[in-house]
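Step one of this worksheet: look at the structure below.
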Amino acid sequence: MTTMQAVVLPAWGGAELFQIRDIERPVPGPGQVLGCDMAGDVVELGPGVDGFATGDAVYGSVGGFAGLGGTYAQYVLADTRLLAPKPRNLDWRQAAALPLVGLTAWEALERSGLKAGERILILGGTGGVGHVAVQLAKALGAEVTASLSSPAKAELALDLGADHAIDYRTEGLEAGVARLTGGLGYDLVFDTTGGSDLGPAFAAARLNGRIATIVAHFTADLTPMHLKGLSLHAVFMPIPLLHGIGREVHGRILRQLTQLAEAGRLKPLLDPESYGLAQLGEAQRRLEAGQALGKLVIALS
């Protein structure tokens with residue numbers, strides 16, 4: 001039996017329960033390949049695989065849900081529909097940081113119909129999904145405003161390509177929206193914060209505007225949404241992984257993200273701290289404490 005190292009969580013609980021174990025290395029089935037974490041080299045092909053070869057550098061969001069193996073391991077099975085060639089100008093850590101947030105941001109902007117020349121407000125513009133959304137919206141030709149919690153984050157959002165920044169703790173979101181839109185509001189408001197209050201997004205949208213959000217599983221008063229004639233787009237990226245339907249869409253989006261990255265128009269923001277499998281608990285605690293800036297990546301080499 002060929003084994004590999006993987007992190008497992010043997011019981012329900014916190015990061016202190018993570019364990020590194022030697023487990024059996026998975027064998028690819030039809031339409032599957034073996035790769036390293038979220039970005040890695042293809043080392044073995046299952047029957048019927050087209051479009052990939054051993055040695056290919058790939059990336060994708062391929063595991064961690066409903067029967068799919070986790071990616072805190074040296075090898076992982078991957079449905080080829082969920083993969084794309086790794087951007088050549090990104091290193092492994094950068095590439096591994098991009099799929100989930102890139103897919104989520106792309107889907108939100110695509111489903112909400114953002115067009116060139118429109119105004120978009122991104123709540124949480126330097127977060128995982130937010131910092132990618134800023135770059136994608138700018139690439140689409142939109143006028144981009146990012147809402148943030150500090151001057152340092154505001155500066156970072158502008159460096160990422162945002163046209164405007166609102167420090168909601170000093171200026172206030174309502175005042176910032178009034179200043180930048182003359183009180184009319186935004187064509188699209190994308191809430192990437194993961195919070196449980198859509199009220200600020202409703203208030204910042206123009207009449208007959210649109211809202212996109214990455215979290216909507218809570219009770220909310222939709223009266224402001226009705227009175228302004230708003231449309232709401234709830235984005236849940238894992239749907240193709242959970243249901244096995246539409247997985248090829250993820251591959252299509254990832255290929256477009258690769259093109260943007262290689263054109264210098266998209267770059268993931270990485271937390272300055274580096275972690276290996278043995279430091280997974282430490283990385284998890286950093287996330288839970290809200291200390292991470294950008295994406296945390298676990299390196300397996």
Selection status of Arg206, touching a residue at least 24 places away in the same chain (Cβ under 8 Å), among the basic types (Lys, Arg) and in contact with a Phe, Trp or Tyr (Cβ under 8 Å, 6 or more places away or on another chain) = yes
Look at Ile298 and say whether it is in contact with a helix residue (DSSP H, G or I) (Cβ under 7 Å, 6 or more places away or on another chain), at pLDDT 95 or above and among the hydrophobic types (A, V, I, L, M, F, W, C).
-> no
Return only the number of the condition from (1) within 24 Å of Gly294 (Cα to Cα); (2) modelled with pLDDT of 95 or more; (3) of a type in the set (Gly, Ala, Ser) that Ala216 does not satisfy.
-> (2)
Of the conditions (1) under 30 Å from Leu173 (Cα atoms); (2) in a loop (DSSP other than H, G, I, E, B), the single one that Ile120 does not satisfy is (2)
The stretch 41-65, residues that are of a type in the set (Gly, Ala, Ser) and more than 19 Å from the chain's Cα centre (by Cα) | Gly46, Gly48, Gly51, Ala53, Gly55, Ala57
Flag if Leu136 is closer than 19 Å to Ala165 by Cβ, touching a strand residue (DSSP E or B) at 6+ places or on another chain (Cβ under 7 Å) and touching a residue at least 60 places away in the same chain (Cβ under 8 Å) = no
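Results for (1) over 20 Å from the mean Cα position of the chain (by Cα); (2) over 30 Å from Glu16 (Cβ atoms); (3) outside the structural domain of Gly199 (by TED's automatic domain parsing), shown as yes or no for each residue.
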position	(1), (2), (3)
Ile214	no, no, no
Arg247	no, yes, yes
Leu266	no, yes, yes
Gly276	yes, no, yes
Ala283	no, no, yes
Is it fair to say Leu77 is among the aliphatic types (A, V, I, L, M), crowded, with 24+ Cβ neighbours inside 10 Å and either within 21 Å of the chain's Cα centre (by Cα) or under 18 Å from Val249 (Cβ atoms) (or both)?
-> no
Give the stretch 53-68 a look and list any residue that's of a type outside the set (A, V, I, L, M) and crowded, with 17+ Cβ neighbours inside 10 Å, or say none.
-> Asp56, Tyr59, Gly60, Ser61, Gly63
Here the residues within the stretch 104-140 that are surrounded by fewer than 18 Cβ atoms within 10 Å (Cβ to Cβ) and at pLDDT below 95 are none
Residue within the stretch 263-270 that is surrounded by 15 or more Cβ atoms within 10 Å (Cβ to Cβ), touching a Gly at 6+ places or on another chain (Cβ under 6 Å) and hydrophobic (A, V, I, L, M, F, W, C) present = yes
Output yes when any residue across the stretch 283-298 is of a type in the set (A, V, I, L, M, F, W, C), in contact with a strand residue (DSSP E or B) (Cβ under 8 Å, 6 or more places away or on another chain), assigned to a helix (DSSP H, G or I) and closer than 18 Å to Gly70 by Cβ, and no when none is.
-> yes
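The values are calculated or read from the model by the stated rules, or taken from the named source; none is laboratory data. Remember, it's a predicted structure, so these values are computed and weren't measured experimentally. All Cβ positions, glycine included, derive from the backbone under ideal geometry; neighbour counts span all protein chains shown.
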